[in-house]
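First the structure, in the form of structure tokens, and then the observations on it.
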Amino acid sequence: MSGICRLLALFVFCTGCTSTKVRLPAKQAPPPQGKQRIALIGVRGPDDISRTAHDGLVAAINASPNYRLFEFPVAGLSRGQAAPTPLAVKLQQGRMLGANLLLEGAIKARIDKNEMGRSVSFGDPTLIVTLSVKLFDVETGQITFNDSVTESMKDDFEIGPRGSGSVETISIRLAESCSKTMADRITENMEPIELELAGATFGKHASHLRSGIAAAQAENWPLAQGYFQRALAEKPKSHEA
């Protein structure tokens, strides 16, 4: 067998014989009474994308086995606007409704014309939509989750308001994507995550990576973290590590 063939056989043996799949545990346990109940205060922003984000969060979070999201029945809440009620009052009403958390969001869209200087632009403009969400613990009022998601698209947008390539239509599409990503981030706190770790077969850091993967598969997370950090110390720019 030639040297190249032996090297290829060793590569296949090292990469193909063992799986690098692991199951990360949930970041927190479900509440003892069952599902975590979230009262949605509202999503501030333009009517079209705020309603899209609102509906997307409700649908995606309610699809999770550990969460139940319901709309917050507060006087003055209108489409695209959060109720002008003080947080303390919202927390009290949330407790009366049996909610564990309050969710408050805001969404915005803007167009970046990719300007070079004050009068010159290059390429197509970029449409950027950002959804921000905060979760409040109804008992303490403390923020337990605070995150933002941004989606963008670069295109020569249509002028008409309702075309498939119009700013309005693409904004709604980006808002849908933002709400799905945000819901995933919220619900991952209570749900295990399956993922496949990248493996390496060459370099000084490879043995540390393999040891880290083995520790992760044994659910020894502190040991796995230590091995992965050693791999990074050996090769700081390692994509696999």
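The values are calculated or read from the model by the stated rules, or taken from the named source; none is laboratory data. What you are looking at is a predicted structure, and each value in this text was computed from that prediction instead of being measured. For neighbour counting, all protein chains shown are included, and Cβ atoms are generated from backbone atoms with ideal geometry for every residue, glycine included. Please note that ligands, DNA and RNA were not included when accessible areas were found on the heavy atoms of the full protein model with its side chains. Shrake-Rupley method; radii C 1.70, N 1.55, O 1.52, S 1.80 Å.
Counting only residues that are farther than 30 Å from residue 89 by Cβ and touching a helix residue (DSSP H, G or I) at 6+ places or on another chain (Cβ under 7 Å), which one in segment 116-144 is modelled with the highest pLDDT?
Top of the filtered list is 129.
Just checking, which of 81, 92, 36 is surrounded by 11 or more Cβ atoms within 10 Å (Cβ to Cβ), at pLDDT 50 or above, touching a strand residue (DSSP E or B) at 6+ places or on another chain (Cβ under 9 Å) and of a type in the set (S, T, N, Q)?
Residue meeting the stated conditions: 36.
When only residues in segment 222-235 that are under 26 Å from the mean Cα position of the chain (by Cα) and open to solvent by 80 Å² or more (accessible area, probe 1.4 Å) count, which is nearest to residue 204 (Cα to Cα)?
Looking at the filtered set, the residue picked out is 229.
Does segment 145-179 hold any residues that are at pLDDT below 75 and in a strand (DSSP E or B), and which are they?
Correct list: 158 only.
Among the residues of segment 180-216, how many are touching a strand residue (DSSP E or B) at 6+ places or on another chain (Cβ under 9 Å), at pLDDT 85 or above and either in a loop (DSSP other than H, G, I, E, B) or of a type in the set (S, T, N, Q) (or both)?
So the answer is 2.
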